[in-house]
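Enquirer: Below is a structure I'd like to ask you about.
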Amino acid sequence: MRGPSLKTEIVDDIWLTKNFEQPQPDDYKSAPETLFTNPKTFLWDYKGIAAKSSFASHKGGIYRCTVIATLPDRTKIEACGDAKNKKIAEKSACRHLVLKLHQNGMLQGIVNNTESAGVHDKELLSDEVDAKMDIYDYCARFDAVPTVNVRETKGPGPRKGLFEVTVGFPQQNILATARASELKNAEIVACVEFKRQAEEFHSKQGGSTIILKDISSINSRNARKFFEFFKVFDRQARYDVELKQTSGRRGSGGAFRAQMMLNEEPLGEPVEFVGKKYAETAAFLTGAIALKQIRPELFPKFIEALRLGNGELLKPLLPSWINIDGDCISTMTDTLHAVRRIGMPPSQDEEDWMEQEQARNSSRFGPRKALDPAFVGVKSKKLLESYEEYLNDPKLETLRSKREELPMNQYRAKVLDIVNNNAVSIIVGATGSGKTTQVPQILLEEAIKNGTGANCNIICTQPRRIAATSVAARVAVERNEPLQKSIGYQVRFDSKLPIPGGSVTYCTTGILLQQLRNSADEALDGITHLVIDEVHERDILIDFLLIILKRVMHDRMKRGLPEVKVVLMSATMDTELFASYFQYKTADGRLVPCPNLSVPGRTFPVKEVYLEEIQDALHALLSMLHSSIPNQNEVFEDVLEGRRKVILSTNIAETSVTIPDVRYVVDSGKLREKQYEQARRITQLVCTWISKSNSKQRAGRAGRVQNGNYYALFSKSRSDSLRGTGLPEMLRSDLQEICLDIKAQGFKDSVAQFLSEAIEPPSRNAIEASLAQLRLLGALTENEGLTPLGRVLATMPVEPALGKMILLAVIFRCLDPIMILGSSSGVRDIFVAPPERRAEANRVRNSFVRDTGSDHMALINAFREWRSIRDRDGMHAAHRFAEENFLHRGALRTLDATTLQIEELLVKANIIPHVRRYERNRSEIGHPSSNQYSDHVPLIKALTLAGMYPNIAVASGGKGLRTPNENFSMIHPTSVHYTNRSDSGMPFGTLVTFTTKAKSNDGGTLLLRTVTEARPLMAILFGGKLESSGTIVEIDGWLPFQVPPPAVKKTNEFRMCLDRLLGHAFRSLSERNLRGNNFLADNRAREAFAEGLVELLKIDSQQITRRAVSAERERGSASGHGRNQPWDTGRQAFGGNRNQSFDRRNQPRGRGNSGIGFARRDQPFDRGNSGERFSSQNPMPRDRSLDRSSFGQDPAPQRGGGNSGSSFQRGSGFRRELSAGGRSDWGFNSSSGRRF
C-alpha cells in the first residue's frame, strides 16, 4: 500500500488515527508492550523484522521520514510520516507501518510466529531448567494442577513454525504464553513468565517470598513417598506410572506423556514433559494430589511420618527377640511384691493437689554487700587521695604517658558524655584504641575525681576466661596496684574479686548471666555500669544476656530502682543492628536508636598480603594458644634473642588478647564452628570461611607496638565476598538449656515470645524442637510449665538430658560414674589423638573399655583411674599417667571441678547429703551409700540409656544402624564399636546408646559418637512410651521387640511401677526442699525397687554371658582369644580381667561385691593379659544356668521349697530381705548404718 502524497495530505498522528483501525492489546496478548507504546522500538528490536529509516526535506520546513521493514518471509513493506521535527516524523512513520501491518493482517502472523524474548538466553535456560516442575510444585501447594497447552504455529512460506506453550492457573488468574522453535525452550520461558505473574499475585495479597516446596504439602519430592505410605494402609493396592513417548509432533523428541495408575485405573491429571524422569515425577505428583482428595485422613499422618524421619519415610523394623527367662520374671515378681507391701506412691493425678512452686535456688555467688552509707564518703576520699598520688608520682610518668597515648583516652570527654547521658551507649573502638582497658578506668576515674568514687562499681564482661584474667592483670599494672584492690576478675573456678566501693570487675559473660538469672536485683546491687565487651561475637550467652538486660532495665525503671548504665563495645560490630535493638523514646514520643561513638585505633601500619602475593614460607618453633591448653601465659613472655616466636592459635586470639611483640599474622581464613541441626539433633563441627569481622580482628593482632604484616591465605576477591559478621550462636545451637533458663527465670510469656525479643531470634521450628525434647524428658509440661524436675535441671551446668541421668543415679545409688558421665557433656573430650600417633591413642582409649562394650565406660574408667592416682600418688604421677594414656590434663581437671560443682548444687537442692572428706569412699562423689551400685556395669548402661534417650539405634544389617529419625547411620571411627571395611558390622538387632550424631566431613554419612551397647530390656525399662500388642512390645512406635508370652504382662507391670516411682520422686523434690530432712534416695519403695532392678539387670546380662561361654567351649581353647568384637556382651558384666587401681580391700561393699555384674576396682590396673577374659572367677555361680536361644525351649527351673534354686538364694536371701520389711534387712549392706 502506497502512502499519501505530500502535496495532498500530511501524514501525522491525526491523519493516522482518522484513517486506520487501531490495534488493541487483546488482539495481541503475546506481543511486547512496545507494540503499543513505542512502535520504533518494536520494529527495530523485534526478532525477525529488519527496519531502517530515511529522511527527505520539503518546503515549509516539513520532513518526511520513510521506514522500510523486511519481514520474516523477506517481504518488504514501506510507510511514511511527516513533521517539522525529524524525531516526530520517524515516530509517525513507524506507527504508520505498524498500522498497515495490522490492517492487512500481517501483524498477527508476525507476532504469533516470532520467538519470545529469552528463548535464546543460555543462562536463563540453564538456571530455569526445572521451571516447569516448579510450577507443578507451586500449584500442588493449593491441591491443584496447572493447565498446560501446546500448539504448533505455521510459519509463512518455507519458514518453520514455532511451538506456543501456555501455562495457566485459573484460581489465581495466571496465564503465561511463550513461543520458541524448540518445545523445551518455550516451556521454560512460559513458566518463567508464570512465576513473574505469581509473584505479582502474592504481592497484591500482601505476601512476600513464594514457597515452592513445603514439608506440609504434597510436592515433587514427597509424592512418591505418599504412595509408599498409602501402601502401608492398603497392602493390596497397586500403583505405577504409564509412560508413552509422544510422536507426530515436530521437535518433540524426548517428550513423554505420563499417567499415574492406581489399581489399573487412571489417577490424577496426565502430564507431558521433556525427559522421562521429569514426566514420571510429575505423574506421581498429580496422582498424589488426587490420592489426597480420595483419602484426606491419611495426609496428616503422612506429614507427621515425614517430620519424624526428617523428610524420609522410616522403614518399619522387624521385631527383635528378647529373652526374658523365668529368673527374670521371678525377680520382677518379687520386686513388685516388695514394693506393694511397702506401699506404692500416689500417681500424678492423685498427687496434683500436692504440687507447689519451688523457689529457685539462689546463685552460688553471694550478693554484693552495699557499703555502709557512713563509710562511702571516707572511701571516696581515700580513692581520690590514691588517684592524686598516682597522678603526681614521677616514677609513674612513663606508665601514665603510655595510657594517655591510647586513642580512647584522647576521646575521654566524648566517652563520658555518651555514657553519662544515655541508658545504653555503643562504643566502637578500633583495634589498639584501648577500649577494653581504658573505658572502665575512664568511668571509674571520673567518679573518683567527682568525689563519688566509692559509689562507682563497674562490671566488664569478656567472652573468654583468658581475656578476663589477662585484661584484669594488665589494668591493675596500669593503675600501679595489685589485683583485688580496685581491679579484679571472676571466672569459672577462679575468682579474685576487688574490694567493694570503687571497683572494676572483669568477668566472663556466663558469670554475669548466671547472676542476673538467679537474682538480678542482688547482682546489680551497688553496680553503676555494665560494660559488655566484644558483643560482635554473638554467642548464645551474649544474645541471652542482651535479652535479660533489656528486660531488667525496663523492670528497674518501672520500680524506680537506680539506673545501671550499659555500654556495648567492640572493634567490629553491626552498629545499626545493636542501636536499633536498644532504641528508646524521645520526649516527643519518637523511637530513636541509641547513640554510638567510634574511636580510631592506634596501631602501627599493617601490610596486608594475600595468597597470590605470598612467596616465602616462615620457619620457626611453635607455641599454641587454645582455651583448653594449660600454661598459656608463656605466649605473653619474651623469647631469647635470636629466636622467633610463632603462635599457632584458634580464634581465641582474635579479641581482647594483646601479645605486644606480634608482628606477623598468618590467617588461614577458616574457623571451625559448631552448628546444631534442631530437627535431627545433629551437631556438626563445620570448617567454614571467616567473616570480614574475623579478618579485621585477626589483622589487628599485628601492629600493636610496631609495624606489622598480615598474610591472608586467601585471595582478595575471596576477602571481598566474605559476610560481614559471623552467624550468631543462637541460630546454630541447641536451645534446650536456654528454654529451661527462660522458664526458670520466671517469665510468664512463652519461650517463643521471649526469644522473639532477641536481637536476631532463632526460628520457631528450632524452638519447638527443643521444647519437644524437654517435654519428653519431663522437664516441661504441655503448656510450657516448669516441672519440679525441670527446676532442678535448670540449675545444673549440664545438658538437661544428662541432668536427669544424674538424678536417676542418685535414686539408684550409682552416683559417681553417672556424675562423671553427665559432667563430661560440658567438657572437651578427655581423650586426645595426636595425628602422628592416632592408632596408638585409639588402642589405649579402647583399653579403658575393659570388655564392657561401652565408650561411656571408657571415659568413666579413665577418669576414675586418673583421679585415684592423683589422690594416692600426687598430681605429678597423675600428669604422667595422663601423658602415657593420651588424656587431656586440662579436660580432666575441668571435669573434676564440674563434678564437684554439680555435687554442690545437688547438696543445695537437698537431693543428696553433704559429705565430709573423711566420709568419702576414696575420691568418689557423694556418700558411700550413694555409690552402692557404682560398680554395676549393667545399671550404669541402663542409666546411660535413660539419660541419652532417644539417642538409641539398632543394627539393621551390614554396617548400618537405624535411629528414631534416620534409616541409616554408622559408628564413628573413634568408638570401640567401629569396624573397618573388612568387618561385617554388628549382628542384626544389636541395640546401642549414643551421645551425639554428627555428619562425616563430606556430609554424606551420619555418624554416631560415643556408643554403648545396651540390652533390649534396658530400653524397655528406661526408653520411651511402651505399646503392647500380643507378644510385641514397641517403644515410641518404632522399635519393636517380641517378648515371651509369660513375660509380657510382668514386664509391663514392672515398667509401670518404675515410671510411677520416678514420677513421684521428681514431683516430691519441692516437698523435700520445704521439709529439709529427706533426700532423693530416702524412700523405702524406691530402695526396694533399686535392689530388684540391679538383680534383674545382672540376670539379664548373664544370659548372653552363658551363651558366649558355651560358644567358647565349643570352639575350644586352642582357637585362642585375641580381641573379641565389642558387641560380645557376654563379657560386659565382668571387670576382673582389667581391674582399676581402686583399693577397696578395707571397704565393705556387701552385696555389691559379688563379682558378677560389677566392674570391680579392687586390684591394680593392668593393661596386659587382654586375652584372659574371666580370670580365676567362676563366671557362672548359678549351676542351673542354661543356654536358651528362646524362651521355653528348656524346662523352667523348679522353685519347690520356697526359694530353693532360685536366683535369690544368696546368703540372707533377697526375697526374705524384702519380705521382712525392716529397714536394716533390705540388703543394703553398707558400712554406714544411716539410711537416707
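The values are calculated or read from the model by the stated rules, or taken from the named source; none is laboratory data. Here the structure is a predicted model, which means the values were calculated and not measured. Cβ sites come from the backbone with ideal geometry, for glycine too, and all protein chains shown count toward neighbours.
Enquirer: Filtering the range 1024-1033 down to residues that are over 29 Å from the mean Cα position of the chain (by Cα) and assigned to a strand (DSSP E or B), which residue is farthest from residue 936 (Cα to Cα)?
Expert: Per the stated criteria, the residue is 1029.
Enquirer: Still on this structure, I have one more. Test residue 576 against the stated conditions and say whether it is acidic (Asp, Glu), within 30 Å of residue 744 (Cα to Cα), assigned by TED's automatic domain parsing to the domain that holds residue 500 and surrounded by fewer than 19 Cβ atoms within 10 Å (Cβ to Cβ).
Expert: No.
Enquirer: Also, quick follow-up: Can you give me the ranges of the strands (runs of 3 or more DSSP E) entirely in the range 960-1023 with at least 3 residues that are modelled with pLDDT of 90 or more and buried (at least 24 other Cβ atoms within 10 Å of the Cβ)?
Expert: The qualifying strands (runs of 3 or more DSSP E) are 991-999, 1006-1014.
Enquirer: Sticking with this one: Test of understanding: among 47, 40, 52, which residue is in contact with an Asp or Glu (Cβ under 7 Å, 6 or more places away or on another chain), among the basic types (Lys, Arg) and surrounded by fewer than 14 Cβ atoms within 10 Å (Cβ to Cβ)?
Expert: 47
Enquirer: Return the pair list, or none, for Cβ contacts closer than 6 Å from residues in the range 214-242 that are closer than 21 Å to residue 144 by Cβ to residues that are of a type in the set (Gly, Ala, Ser), at least 6 apart or on different chains.
Expert: 218/140; 218/288; 219/140; 223/288; 226/288; 241/258; 241/283
Enquirer: May I pose another question? Within the range 296-306, work out how many residues are exposed (fewer than 15 other Cβ atoms within 10 Å of the Cβ) and either assigned to a helix (DSSP H, G or I) or in contact with a Phe, Trp or Tyr (Cβ under 8 Å, 6 or more places away or on another chain) (or both).
Expert: Residues in the range 296-306 being exposed (fewer than 15 other Cβ atoms within 10 Å of the Cβ) and either assigned to a helix (DSSP H, G or I) or in contact with a Phe, Trp or Tyr (Cβ under 8 Å, 6 or more places away or on another chain) (or both): 3 in total.
Enquirer: Right, here's the next one. Please pick out the residue among 350, 312 that is at pLDDT below 90, closer than 27 Å to residue 234 by Cα and not basic (Lys, Arg).
Expert: Step by step, each of 350, 312 is checked, and only 312 is at pLDDT below 90, closer than 27 Å to residue 234 by Cα and not basic (Lys, Arg).
Enquirer: Take the residues in the range 10-34 that are among the charged types (D, E, K, R) and in a helix (DSSP H, G or I); name whichever of them is surrounded by the most Cβ atoms within 10 Å (Cβ to Cβ).
Expert: So the residue we want is 13.
Enquirer: Which ranges mark the helices (runs of 4 or more DSSP H) fully within the range 382-485 that have 3 or more residues being within 42 Å of the chain's Cα centre (by Cα), of a type in the set (Gly, Ala, Ser) and closer than 16 Å to residue 497 by Cα?
Expert: Once the helices (runs of 4 or more DSSP H) in the range 382-485 are filtered for at least 3 residues that are within 42 Å of the chain's Cα centre (by Cα), of a type in the set (Gly, Ala, Ser) and closer than 16 Å to residue 497 by Cα, what remains is 465-478.
Enquirer: Residue check: is residue 90 modelled with pLDDT of 85 or more and either surrounded by fewer than 18 Cβ atoms within 10 Å (Cβ to Cβ) or out of contact with any Phe, Trp or Tyr (no Cβ under 9 Å at 6 or more places or on another chain) (or both)?
Expert: no
Enquirer: If I go through the range 265-289 residue by residue, how many of them are of a type in the set (Val, Ile, Thr) and in a helix (DSSP H, G or I)?
Expert: Of the residues in that region, 3 qualify.
Enquirer: Residue by residue through the range 644-659, note down the ones that are modelled with pLDDT under 70, within 19 Å of residue 435 (Cβ to Cβ) and assigned to a loop (DSSP other than H, G, I, E, B).
Expert: 655, 656, 657, 658
Enquirer: Run down 802, 735 and say which single residue is modelled with pLDDT of 80 or more and outside the structural domain of residue 690 (by TED's automatic domain parsing).
Expert: Just one listed residue meets the conditions, 735.
Enquirer: Further question on the same structure: Check the range 409-419 and report whether any residue there is touching an Asp or Glu at 6+ places or on another chain (Cβ under 7 Å) and either free of Cβ contacts under 8 Å to residues at least 24 places away in the same chain or buried (at least 18 other Cβ atoms within 10 Å of the Cβ) (or both).
Expert: The answer is no; no qualifying residue exists.
Enquirer: Return the residue satisfying two criteria in turn: it lies in the range 916-956 and is of a type in the set (D, E, K, R) and in contact with a Phe, Trp or Tyr (Cβ under 7 Å, 6 or more places away or on another chain), and of such residues it is surrounded by the fewest Cβ atoms within 10 Å (Cβ to Cβ).
Expert: Among those that are of a type in the set (D, E, K, R) and in contact with a Phe, Trp or Tyr (Cβ under 7 Å, 6 or more places away or on another chain), it is 922.
Enquirer: Further, regarding this structure: Please enumerate the residues belonging to the range 905-940 that are under 11 Å from residue 814 (Cα atoms) and among the charged types (D, E, K, R).
Expert: Those that are under 11 Å from residue 814 (Cα atoms) and among the charged types (D, E, K, R): 924, 935.
Enquirer: Only helices (runs of 4 or more DSSP H) wholly contained in the range 752-828 count here; list those with 2 or more residues that are crowded, with 19+ Cβ neighbours inside 10 Å and among the polar types (S, T, N, Q).
Expert: Per the criteria, 764-777.
Enquirer: What number goes with the only condition from (1) crowded, with 21+ Cβ neighbours inside 10 Å; (2) under 21 Å from residue 701 (Cα atoms) that residue 509 does not pass?
Expert: (2)
Enquirer: Output the number of the condition that residue 92 fails; it satisfies all remaining conditions of (1) in a strand (DSSP E or B); (2) more than 17 Å from residue 45 (Cβ to Cβ).
Expert: Every condition holds for residue 92 apart from (1).
Enquirer: Being within 13 Å of residue 531 (Cβ to Cβ) and in contact with a Pro (Cβ under 9 Å, 6 or more places away or on another chain): is that true of residue 456 here?
Expert: no
Enquirer: Looking at 892, 900, 887, can you tell me which residue is farther than 30 Å from residue 1082 by Cβ, free of Cβ contacts under 8 Å to residues at least 60 places away in the same chain and under 34 Å from the mean Cα position of the chain (by Cα)?
Expert: Within the list 892, 900, 887, the selection yields 887.
Enquirer: Given the options 725, 688, name the one that is within 17 Å of residue 538 (Cβ to Cβ), surrounded by fewer than 21 Cβ atoms within 10 Å (Cβ to Cβ), at pLDDT 70 or above and touching a strand residue (DSSP E or B) at 6+ places or on another chain (Cβ under 7 Å).
Expert: That would be 688, the only listed residue that is within 17 Å of residue 538 (Cβ to Cβ), surrounded by fewer than 21 Cβ atoms within 10 Å (Cβ to Cβ), at pLDDT 70 or above and touching a strand residue (DSSP E or B) at 6+ places or on another chain (Cβ under 7 Å).
Enquirer: Next question. For residue 872, only one of the following conditions fails: (1) of a type in the set (D, E, K, R); (2) surrounded by 22 or more Cβ atoms within 10 Å (Cβ to Cβ); (3) assigned to a helix (DSSP H, G or I). What is its number?
Expert: Against the list (1) of a type in the set (D, E, K, R); (2) surrounded by 22 or more Cβ atoms within 10 Å (Cβ to Cβ); (3) assigned to a helix (DSSP H, G or I), residue 872 comes up short only on (2).
Enquirer: Assess whether residue 878 counts as being closer than 26 Å to residue 491 by Cα, at pLDDT 95 or above and of a type in the set (A, V, I, L, M, F, W, C).
Expert: The answer is yes for residue 878.
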